[in-house]
Each structure stands twice: as structure tokens, then as C-alpha cells.
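**Student:** I'd like to ask you about the structure that follows.
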Amino acid sequence: MIGFQWKRNLLKLFVYRMGTMRGKRNFWRGFGMSQLHFVKQGTGPVVVLSHARGCDLSMWDAVADLLAKKFTVLRYDHRGHGHSSVPVGPYTLDAFVDDAAALIEEHARMPVHFVGLSLGGLVGQSLAVRYPQWVRSLVVANAASQLNVDTREMWAERAQQVRHYGMQGVADRMLRRWFTSAFLASDVGHAKAAQVLAVFNRTPVAAYAASCEAMAQLSYVGDNRRIACPTLVIAGVHDLATPLPQSEAVVLGISGAQLQTLDAALMSAVERPQEFAQLLANFIRKV
């Protein structure tokens, strides 16, 4: 047992030394290892962007380019998504949060303005509770703070469906929930949706299902009354996955939180990148 631990520590040191700023670093959490892929751009206060389930950091392309004019933008792929590693499940929200905290500690080294959409919004809320030392301000976009029984059953069913039919078997249905019909009907919207869909279809089935099952086991994100940092909640008025009342509930659960809405569905940052980035810039400027 001692020999195993010594060898493991030596291996951890070797992997750490081999890490580079080009976009990959190893983070160890118990027996699970997650190697996160990330992109860092711009200069100024650090803004971390955390994407939705079934997406990757490219979801933030337009928003990141706008923010990078005034901020250092650090965006990353969740475990099992994009170019990050795919640890064996099961996954938990705590694991996603630990990944984010490790990334911030290593590559920001200071409290950040954390922005999360959908899954990223769940991560952000829990991060602000469990790792308050790393969160200067919080933006929760298109995400709830509590998951009722019906929602948890829906995530469990989604995991079963994707394991049976594959990612492409549920992709069309996801697209109609992620974007408004008007956006999908436009040339720009159709092209952007196609890019998001391609990323979704490339997501490993096992990782996506494990992410869904993590939500199926989650009744609430955490004790949001403990969130002390300035918080902005962004809701899409056409979001069927996270209707406006759920965003309003997040606001009520966090002292001093404010609410802004966008004319969009779940993927508000993709559908309305200029307005989304402007909301972030205005909010951070006042923090």
C-alpha cells in the first residue's frame, strides 16, 4: 500500500510537470482523474465560462471574443465533454465543481467572475457555496437551483434514451428545446445550431448519460443562502427547459441577486451573444 502510494505520487508529480498552458492539465480527485481542456484569451479581470451539458467551450465563441477585449476569458470543457478526458462514471455535481475549482486555482490564482449556463449554472451555484474564496461574482444563466421529482425522472429517462438510441437519436428534440423557432429559421441561427449539434453528436454517450444521471440524483444544488458574492441571473423568456419562474426562484434564494431576461431559449449565449456579453460586462463593471 505504501509502495503504491509512493508510485502514485511520483506519477502525479510527473504528469503535473508535463502540463502545459496550451490547454490541458491533469486534476486528480480521489480515484477519478479529469484532464480538462481549456482556452485562455484576453487581458484584465478573469471571467470563467462554463458550458451546458452536451456542448463544449466553443458554445462561448462569440461571447468570449467580445469579452476578451476587456477581460481575461478562461473557458473549459467539462469532464466527458469536448477535448477533456472521459473519466469512468458515475459523475456527480460535486465532481464537476471540484474540476472547476482546480482549474481556477491553477490558471487564475485569484477569485474570478464565474459565468455558467445550464449545467454550468448548476456548477457555479455550488462552486460559490463550496469554494467561495474563488468566486468574486456569479452569473447563473438558464439554470435552476432545485430539481423536482419530474425533472429528475426526465434526466434519468434521458440517460436511458441516449444509451439506447445514441446521441443522434435525441439530437433533434434537444435542438428544438435549445433554440427558438425564429432563430433556427434564420440563416445565421441555422448555421450556429448546426455547429452546436455537431458538438452534441460527438459527445461520448457514456459521459453524457453519466452527466444526466448526476442530475437525476440531485434534488437541490446547495444552500444558496450561503452565496455572499454579487450574483446575476439570466433567463431566456422562451426557455422551455428552465422556465422563467425557475430563474426567479434562484434570485429569491440568493441575497441581493438580480434578474435579467433575454429574448431567447435555453442557449441564450449562443442565440443572443452580443446582449449576453453586454449584460456580463455591465454587471462585472459594478462589482
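The values are calculated or read from the model by the stated rules, or taken from the named source; none is laboratory data. Quick caveat, the model's predicted, so the values are computed rather than measured. All Cβ positions, even for glycine, are placed from backbone atoms using ideal geometry, and neighbour counts span all protein chains on display. Ligands, DNA and RNA are excluded from the accessible area calculation, which covers all protein heavy atoms including side chains. Shrake-Rupley method; radii C 1.70, N 1.55, O 1.52, S 1.80 Å.
**Student:** Of all residues in segment 222-235 being open to solvent by less than 50 Å² (accessible area, probe 1.4 Å) and in contact with a Pro (Cβ under 9 Å, 6 or more places away or on another chain), which is farthest from ALA128 (Cα to Cα)?
**Tutor:** The qualifying residue farthest from ALA128 (Cα to Cα) is ALA235.
**Student:** With respect to VAL170, is the statement that it is farther than 16 Å from SER118 by Cβ and either at pLDDT below 95 or assigned to a helix (DSSP H, G or I) (or both) true?
**Tutor:** In short, no.
**Student:** Which pairs have Cβ atoms under 9 Å, sit 6 or more apart or on different chains, and link a residue in segment 267-283 that is hydroxyl-bearing (Ser, Thr, Tyr) to one that is crowded, with 24+ Cβ neighbours inside 10 Å and at pLDDT 95 or above?
**Tutor:** SER268/LEU117; SER268/ALA141; SER268/ASN142; SER268/ILE234; SER268/ALA235; SER268/GLY236; SER268/ASP239; SER268/PHE276
**Student:** I need a count of the residues in segment 34-77 that are closer than 16 Å to ALA141 by Cα, part of a strand (DSSP E or B) and either touching a Cys at 6+ places or on another chain (Cβ under 6 Å) or hydrophobic (A, V, I, L, M, F, W, C) (or both).
**Tutor:** The qualifying residues number 3.
**Student:** Now for a different question. For segment 200-227, give me the residue count where each residue is in a helix (DSSP H, G or I) and polar (S, T, N, Q).
**Tutor:** Qualifying residue count, segment 200-227: 3.
**Student:** Is there any pair linking a residue in segment 199-220 that is among the charged types (D, E, K, R) and at pLDDT 90 or above to one that is open to solvent by less than 50 Å² (accessible area, probe 1.4 Å) and part of a loop (DSSP other than H, G, I, E, B), with Cβ under 8 Å and at least six apart or on different chains, and which?
**Tutor:** Sorted first by the residue in segment 199-220, then by its partner, the pairs are ARG202/MET167; GLU213/GLY89; GLU213/TYR91.
**Student:** Further question on the same structure: For segment 229-287, which residues satisfy the criterion of being over 20 Å from PHE179 (Cβ atoms) and hydroxyl-bearing (Ser, Thr, Tyr)?
**Tutor:** THR231, SER255
**Student:** Being in contact with a helix residue (DSSP H, G or I) (Cβ under 9 Å, 6 or more places away or on another chain), closer than 15 Å to SER137 by Cβ and of a type in the set (A, V, I, L, M), is that true of even one residue in segment 209-224?
**Tutor:** No, segment 209-224 contains no residue that is in contact with a helix residue (DSSP H, G or I) (Cβ under 9 Å, 6 or more places away or on another chain), closer than 15 Å to SER137 by Cβ and of a type in the set (A, V, I, L, M).
**Student:** What is the number of the single condition among (1) under 26 Å from PHE179 (Cβ atoms); (2) more than 10 Å from the chain's Cα centre (by Cα); (3) surrounded by fewer than 24 Cβ atoms within 10 Å (Cβ to Cβ) that HIS107 does not meet?
**Tutor:** Here HIS107 clears every test but (1).
**Student:** Which one is farthest from the chain's Cα centre (by Cα) among residues in segment 162-221 that are buried (at least 21 other Cβ atoms within 10 Å of the Cβ) and among the aromatic types (Phe, Trp, Tyr)?
**Tutor:** PHE183
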